Structures are given as structure tokens and as C-alpha cells.
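See below for the structure under consideration.
The values are calculated or read from the model by the stated rules, or taken from the named source; none is laboratory data. Everything numeric in this text was worked out from a predicted model, so none of it was measured. Cβ sites come from the backbone with ideal geometry, for glycine too, and all protein chains shown count toward neighbours.
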Amino acid sequence: MDAALEIQGLRKEYKKFILKDISFRLDQGTIMGLVGPNGAGKTTIIKLILNMIRRSAGTIEVFGLDNIAHEKAVKARIGFVHETPAMVEDAPLKNIKTALAPFYGSWDERLFRRLSAEFGLPLDKKFKALSHGIKMKFQLALALSHDADLLVLDEPTSGLDPVFRRELLERLSDVIQDERKSVLFSTHITSDLESTADSITFINRGELVFSLPKDEVRETWAVVKGGPELGNDSLRGLFKGFRETPYGVEALTSDVPAVRRALSGGLVVDKASIEDIMIFMDQGASHV
Amino acid sequence: MFKFVLKDFFLHKKYILSLGILYPLYVGWFGSRLHNPTVYALIAAFMYMIVALFPYTREDKLKAVGLSLSLPATRREIILGRFLTSWTLMIGLWILGTAVALFIPGGKLGASKLLGLGTILTILAYMTAFLAAFMPLVVRFGMVGIMIFLVAMQVLGIVAMLLRARIRNLKVIIGSVGRGVAAAQEALGPAVAAAAVLIVLLIVNYASFELSAFLFKRKDY
Amino acid sequence: MATVDYAIEIKGLSKSYKDFKLKDVSFALPKGTIMGLIGPNGAGKTTVIKLILSLLRREGGEIRVFGRDNREDEVEVKRRIGFVHDTPFFYDHMTCRRLKDSVAPFYREWDEALFRRLMEEFDLPLGKRFSRLSRGMKMKFSLALALSHDADLLVLDEPTSGLDPVFRRELLGRLSAFLQDAGKSVLFSTHITTDLERIADFVTFIRDGAVVFSSAKDEILERWAVVKGGPELLADEHKRLLQGVRKREFVVQAVTGDAAEAKRRFGKTAVIERASLEDIMFYLTRGNGHA
């Protein structure tokens with residue numbers, strides 16, 4: 001299967017933060033969720049894909065083309081939806097559309113009108129007068145109307161009510177019925193991913209923790225519940241995070257068989273949700 | 001490339017239209033009260049340049065540059081688009097302003113002065129000077145850059161006034177553009193002068209473009 | 001006779017705007033419990049909260065906080081409420097310390113030691129400018145302020161919006177800890193219904209300015225179910241049982257407030273699953289034929 005997006009050894013250095021060794025691959029026709037705590041580097045990765053910031057090292061290929069060397073060709077095929085979009089706030093929607101449409105050879109005006117009607121977009125209203133959900137839908141309408149093959153969404157569901165969220169996710173699922181299209185979306189609301197994503201890429205503190213098909217995540221990661229013996233030195237390498245509860249100790253592992261070998265009975269092993277993984281791995285970190 | 005002009009126009013339509021009416025009116029009226037075509041050219045160029053750069057200082061303030069960056073266009077093209085839009089606006093405004101100046105009764109500068117080759121070249125020269133100076137500043141520092149520059153100019157002006165002896169020098173510097181154009185006309189005759197001046201202006205614009213594109217390319221958003 | 005003590009009692013509340021009306025809203029929050037307020041954007045959740053805090057003037061109905069009318073005894077009522085807002089309206093350029101200094105004197109029971117302890121626990125430097133705090137830190141600061149004057153009622157409006165799961169869990173942990181103290185109550189509106197499912201005792205669902213239901217969470221999750229089946233579900237006889245009907249592809253989906261009855265009628269022909277709060281909200285807002 002061809003890759004919609006392929007990132008290798010991506011690196012970006014800031015004064016107080018380094019994004020490093022990021023490599024993952026988004027297969028065409030799939031949805032990938034990009035998760036991680038605030039400040040982990042998700043938005044940085046997305047900005048690097050769009051070349052809004054310059055990378056320090058590594059490669060980014062979109063449909064096989066380097067995203068800098070072929071910037072125009074790449075951007076013509078990307079649709080971008082952002083939680084806090086860079087917008088000229090007091091322009092009416094229809095003006096924004098008129099300003100942007102000519103840049104895309106594949107612009108489909110009829111499709112845009114149809115989507116506007118479906119989404120209930122008030123085209124005469126100014127961007128800043130819209131509710132958050134409608135702002136997201138507008139961006140999505142723009143992206144779909146130029147037949148974007150790769151949709152990149154940065155926290156699109158944050159701040160949306162569950163109704164809007166589900167609608168948006170349903171719409172994304174519809175979009176990839178067309179197998180040429182792919183979606184990358186970063187989010188905090190991990191429950192959205194559990195229902196929609198095909199694969200999950202987890203970023204923590206500037207590094208890649210894993211990039212796996214969703215089912216594999218479920219099979220590999222687990223929360224082990226037991227007593228204080230889980231904290232034994234001999235088991236150190238097996239666990240990625242600990243929590244103390246009133247009932248005992250919980251520990252996160254990505255290697256259940258090894259844990260079972262190391263410890264005898266009396267173990268309760270639960271599948272770890274993505275939220276669990278994020279919370280366990282953040283132990284002791286000073287989050288932003 | 002015209003799509004860039006269209007984009008900026010539609011994104012900032014309200015502002016462009018309202019400023020686009022106010023400023024020419026003001027300059028036109030003001031211009032009709034002046035004797036000196038060079039001073040008129042200076043003021044007109046300055047005011048129109050402000051309108052021309054307005055979309056970009058706004059975008060910087062609103063952090064809306066990201067919008068242009070998500071479009072299939074290179075950063076170089078985006079800057080070229082800015083220059084195109086700026087010139088389109090400035091020329092358009094200048095036409096309007098001149099019309100106002102011509103039709104307001106009691107104007108001191110007649111048609112011959114307003115539409116004379118010397119005046120035209122002088123205005124273009126001042127426009128070039130301002131745009132070339134400010135565009136890289138806006139790209140690099142945004143709105144803040146312009147503010148700093150203007151404040152610095154004010155300070156210089158005050159200092160100059162305090163050191164009265166310098167005032168004449170200031171006038172000399174500012175007037176040099178106008179005199180340069182006049183001198184060229186005298187020396188080379190109108191047609192050649194026009195060509196020479198235009199070539200010089202083109203080169204200055206191009207230099208500013210290259211600098212702006214360079215600065216823009218290096219910026220992280 | 002044991003009567004339940006209520007932290008908040010709202011009866012017949014109404015408020016009109018140009019294109020929006022809050023109509024006949026009634027619900028009650030028993031002391032010592034957490035109530036979640038859910039509903040689509042624009043449904044009226046923030047309006048209700050602002051009315052409770054008398055930031056808005058109500059037009060009809062009554063609001064009693066700890067038995068007192070919230071307008072007549074405004075000052076006394078507000079003393080006992082701690083409010084956390086999702087976009088805190090503090091002066092951005094002020095430091096946390098200054099902000100605290102401007103707020104603290106209004107509260108008789110201000111506990112400076114507690115405030116400092118909380119700031120330390122939250123890892124918030126007093127000298128930092130408010131504008132320089134991240135979203136999560138701003139929320140934590142608001143929470144620290146709200147918790148430091150011995151408030152008996154915490155009201156939070158979208159506190160977790162934009163925060164990652166780590167923060168959210170922390171906040172929920174804080175709220176649970178807050179409630180350990182009998183007599184303390186919490187009302188919070190949120191979009192992240194999974195958080196509510198984890199922690200709330202009661203849930204009130206507001207849509208289009210009216211209360212759809214206000215009940216105990218456990219009861220809700222037991223009684224409601226999602227029903228998915230074929231076109232036979234569309235029959236007239238089922239119209240009262242099945243709400244929020246949606247047709248997608250060839251599947252008919254709906255939600256019902258009477259899972260037991262649904263199982264009796266469709267147990268063999270349709271898939272009946274437990275409904276999450278999000279499911280209920282979604283179907284009742286986007287489906288047809290909702291009550």
C-alpha cells in the first residue's frame with residue numbers, strides 16, 4: 001500500500017524543547033490519530049509537515065514527494081483544519097472562499113456549495129462570528145472542495161460538544177471510504193480515536209513512543225494490577241509507569257508475556273486504553 | 001499570479017475599500033492645497049504605502065499568515081504576491097487621489113503639475129523607496145517593526161529640530177529624490193530619463209523583494 | 001423525617017434573548033454530590049450557570065443556593081461559591097500573586113496557607129504573569145483560587161476544554177478529593193462526557209433551552225440503550241419507545257429510555273447496547289422524533 005505520509009528521523013530543535021527521531025507512516029485510505037499530552041510535540045510535527053517551521057533534520061514525504069522540494073504540489077493535495085485557525089477573522093466566509101479557491105486546480109465550486117448547505121454554513125457571516133463547531137466545518141468544507149487527498153487536522157474536536165464531535169468523526173469516516181484519501185488528526189480526546197482511527201501514533205516529550213495499528217495497541221499494552229511487588233527492581237524494565245491506588249499498585253506494560261513470566265499468579269491484567277497509556281507515561285513529568 | 005492580488009483583496013476587502021476611499025480623498029484634498037509637487041508626491045506615496053502594507057500588518061497582528069502558508073504556493077511566490085498587491089493598490093489609490101486633486105476647486109497644483117512626467121516619476125520613486133524599506137521590515141518584524149521604525153523617525157525628527165542646523169540637511173535628503181528625478185530629466189531628456197528612472201526603481205524593488213523573500217523563508221510560524 | 005438538603009434548587013427558570021429562550025428549567029443538586037451539566041453548544045448551559053451566579057438577571061422562576069435566594073442574598077451566596085471558568089477573565093498582565101491579592105479580600109474565609117499549598121502542588125509560581133500560563137495552568141490557578149476560600153459549592157464551566165487526559169484526570173481527582181468533605185457539592189458543565197461517566201452522581205441534559213432529563217447517572221446508564229436494527233424499527237408503534245431515530249446506510253439507529261422494554265420488543269431482531277452519555281446526547285440532538 002502506498003504511503004500518504006512518510007516521516008523519517010524528523011528532528012526540530014528549539015531552545016527548551018527538542019523533537020527527535022520521529023518516524024512513522026500513514027497508509028493511504030486510513031485514519032491515523034496523533035496523540036500525546038500537551039507540549040509533547042504534536043503541533044510541531046504538523047507544522048513541519050506543512051513547512052510552517054523549518055526542520056532541523058529528517059525527511060517528510062507526502063505521496064512520495066518531499067514536502068519542501070515539492071512544496072506546491074504537496075500543499076495542493078493537503079487540506080488543513082486547525083483548532084485555532086490562522087484566519088483573517090473579520091472576513092465573511094464567502095470572501096475567504098473566493099480568496100483561496102483560485103489556488104487550487106481541482107477546486108469544485110458545486111461541491112463547496114453542497115457541503116456548505118449540508119453543514120449549515122452561513123456564508124455571509126464573518127469568520128469570527130461563528131461558533132467553534134461551524135469554524136471547523138467551514139475549514140473541512142474548504143479542504144474537501146479542493147479534493148484534498150490528505151486531511152491534516154490539528155485538534156479538530158477540542159471544544160466541540162459531543163454531538164458535533166461525533167458528526168465530524170462520522171464525516172471523516174465517510175471521507176476515507178474513498179481509498180485515495182487519508183486522514184491524520186491530532187487530538188486529546190482519546191475516546192474519539194478509539195472509535196475512528198485505524199492506527200495510533202503516540203508522542204511524548206518530543207519522542208515517538210509507538211506508531212501502531214489500533215488493534216495492536218490494544219493487544220500489546222496493558223495495565224497490570226497487583227501489590228507493591230510490581231515495583232521490584234527486577235521488574236524495572238518491564239513497566240513504563242506506575243500508579244498507586246487505594247487498592248494497590250497499577251503498572252503499565254507493553255510486554256504482557258514477559259510480565260506473566262516474571263510474576264506468578266495473583267495478577268489482574270486489563271487492556272490499556274489510550275488514555276491510560278498517556279496518563280501512566282506522564283508520571284512525574286512536569287507537564288506544560 | 002493575479003490570484004495573489006485577488007486573495008489579499010478579498011481577505012481584507014472591508015479595510016481596503018474604506019481606506020481606499022478615505023486616503024485618496026485626504027491626499028487629493030491635501031494635494032490640492034500644496035504648491036510643491038515634490039512634497040505632494042512624498043505625502044501621497046507615504047499614505048498610499050500605508051494602505052498597501054495594511055493587509056500584511058493586519059495578518060501579522062491576527063497571526064493569519066498561516067493561511068497563506070497552507071496554500072500551494074512557495075514563500076517566494078507569496079512575497080511576490082505581496083509586492084504585486086502593494087503596487088496595484090498604490091497605483092490605484094494614486095489614480096483616485098489625483099482625480100480628487102484635479103476636480104477639487106481651488107487647487108494650487110494644476111493638471112500639468114499633477115500629471116507631469118516629473119511628478120509621476122517622483123511619486124513612483126517615493127513609493128518605491130517606502131515600499132522597499134518597509135516590506136522587509138514588515139516581513140521580519142511585523143507590525144512591531146513598523147512601529148519601531150516610525151518611532152525612530154519621530155525621534156530623529158525631533159533631534160533634527162533641536163539641532164536646527166541640521167534641518168536643511170534633512171530637507172536636502174528628502175528632497176533628493178525629487179531633485180534626482182528632475183536632474184535626470186534635464187540631463188537626459190524626458191523619454192530616456194523616464195526609462196532610466198524606471199529601471200532604477202525596478203532594481204530597487206527587486207532588491208527589496210529578494211531581501212523580503214529571504215527573510216520570509218527563514219521565519220518559523 | 002429526613003429531607004434532602006440541596007446545594008442548588010432551580011424551579012421554572014426562564015430567560016429570553018433575541019434568538020434564544022431558556023424555558024422552565026428545573027433541577028436540583030443535593031448536597032454532597034457532583035452534577036454534570038451536558039448539552040450541545042448553545043443549549044443554554046452557560047446561561048444557566050451565569051444565572052446561578054447572578055451574572056445574568058433571570059426573568060422567571062427561582063434559584064436557591066443553600067436554601068437562600070441567589071438574588072436577595074447575593075453576597076452571602078457568592079461567598080460560598082467557587083467558580084472556575086474555561087476562559088478565565090483575569091487581567092492578563094497581572095501576576096498570579098496580584099490576582100490573588102485582588103480577589104482574596106472579598107472572602108471572609110480566605111485561607112492563605114491553603115492557597116500557597118495548592119499553588120505548590122499545582123506547580124504554579126506566584127510571580128508568573130497570568131498571560132504566560134498555559135491553558136491547563138490557567139485552569140489550575142482558577143481552581144486554586146476557588147478552593148482557597150472554603151467554598152461549599154464549586155461551579156465549573158467547561159473546565160476541561162482543551163486539556164489533555166493527564167490534566168483532566170488530575171482535575172477529576174481534585175474534585176473527588178473536594179467532595180470527601182461532606183457537605184461540599186460540585187456542578188460542572190462539560191463536553192467530555194467520559195469524564196462525567198467516571199465521576200458524576202447526577203447528570204442534567206439541557207437542549208434548546210430546556211431540560212431533557214435530570215437524573216442519577218447510574219440510573220441513566222442503566223435505563224438508556226442504543227438500538228440498532230432494520231427498517232422494522234421505524235414502525236409507528238415504536239415511535240414512543242425509540243427516540244432520536246437515524247438512518248445510516250441500511251441501518252436504523254435510535255436510543256431508548258426504557259432498555260428493558262426495548263429488549264422485550266427487539267431483543268431477537270436488533271442489537272441493543274448500553275448507551276453512553278454521549279450516545280444519548282447525540283441521538284437526542286441529531287436524530288428525528290426526539291421528544
Requested in this report: Kindly indicate whether C:Asp236 is at pLDDT 90 or above and of a type outside the set (Val, Ile, Thr).
Outcome: no
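Each row is one residue, and each column tells you yes or no for (1) touching a helix residue (DSSP H, G or I) at 6+ places or on another chain (Cβ under 9 Å); (2) exposed (fewer than 12 other Cβ atoms within 10 Å of the Cβ); (3) in the same structural domain as C:Arg58 (by TED's automatic domain parsing); (4) under 19 Å from C:Ala177 (Cα atoms).
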residue: C:Asn70; (1), (2), (3), (4): yes, no, yes, no
residue: C:Asp73; (1), (2), (3), (4): no, no, yes, no
residue: C:Phe83; (1), (2), (3), (4): yes, no, yes, yes
residue: C:Arg97; (1), (2), (3), (4): no, no, yes, no
residue: C:Phe106; (1), (2), (3), (4): yes, yes, yes, no
residue: C:Phe122; (1), (2), (3), (4): yes, no, yes, yes
Within the stretch B:48-76, the residues that are more than 8 Å from chain A (Cβ to nearest Cβ) and without any contact (Cβ under 8 Å) to a residue 40 or more places away in the chain are B:Ile50
Scan the stretch C:151-163 and tell me whether some residue there is within 30 Å of A:Asp154 (Cβ to Cβ) and more than 14 Å from chain A (Cβ to nearest Cβ). yes
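Conditions tested, residue by residue: (1) within 14 Å of chain C (Cβ to nearest Cβ); (2) farther than 29 Å from A:Arg11 by Cβ.
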site: A:Leu208; (1), (2): no, no
site: A:Glu216; (1), (2): no, no
site: A:Thr245; (1), (2): yes, yes
site: A:Asp255; (1), (2): no, no
site: A:Ala272; (1), (2): yes, no
site: A:Ile277; (1), (2): yes, no
site: A:Phe280; (1), (2): yes, no
The condition of being more than 7 Å from chain B (Cβ to nearest Cβ) and crowded, with 22+ Cβ neighbours inside 10 Å holds, among A:Leu50, A:Leu111, A:Leu65, A:Leu93, only for A:Leu93
Quick count over the stretch B:1-47, residues being assigned to a helix (DSSP H, G or I), out of contact with any Phe, Trp or Tyr (no Cβ under 8 Å at 6 or more places or on another chain) and within 14 Å of chain A (Cβ to nearest Cβ), is 12
Every listed condition ((1) among the charged types (D, E, K, R); (2) modelled with pLDDT of 85 or more; (3) farther than 24 Å from C:Thr193 by Cα) holds for A:Glu229 save (2)
message: Based on this model, can you work out whether B:Leu89 counts as under 21 Å from B:Leu202 (Cα atoms) and either crowded, with 22+ Cβ neighbours inside 10 Å or not aromatic (Phe, Trp, Tyr) (or both)?
response: yes
Expected single match for in a helix (DSSP H, G or I) and surrounded by fewer than 22 Cβ atoms within 10 Å (Cβ to Cβ) among A:Glu219, A:Glu179 is A:Glu219
Selection from the stretch C:239-291 of residues crowded, with 17+ Cβ neighbours inside 10 Å, within 14 Å of another protein chain (Cβ to nearest Cβ) and not in a strand (DSSP E or B) yields C:Ala275, C:Ser276, C:Leu277, C:Glu278, C:Asp279, C:Ile280, C:Met281, C:Phe282, C:Tyr283, C:Leu284, C:Thr285, C:Gly287
I'd like to check something: does the stretch A:166-173 contain any residue that is in contact with a Ser or Thr (Cβ under 8 Å, 6 or more places away or on another chain) and closer than 20 Å to C:Leu163 by Cα? yes
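Condition check ((1) within 14 Å of chain C (Cβ to nearest Cβ); (2) over 16 Å from A:Leu184 (Cβ atoms)) across all residues:
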{"position": "A:Trp107", "(1), (2)": "no, yes"}
{"position": "A:Gly120", "(1), (2)": "yes, yes"}
{"position": "A:Phe127", "(1), (2)": "no, yes"}
{"position": "A:Met136", "(1), (2)": "yes, no"}
{"position": "A:Ala141", "(1), (2)": "no, yes"}
{"position": "A:Asp147", "(1), (2)": "no, yes"}
{"position": "A:Leu150", "(1), (2)": "no, no"}
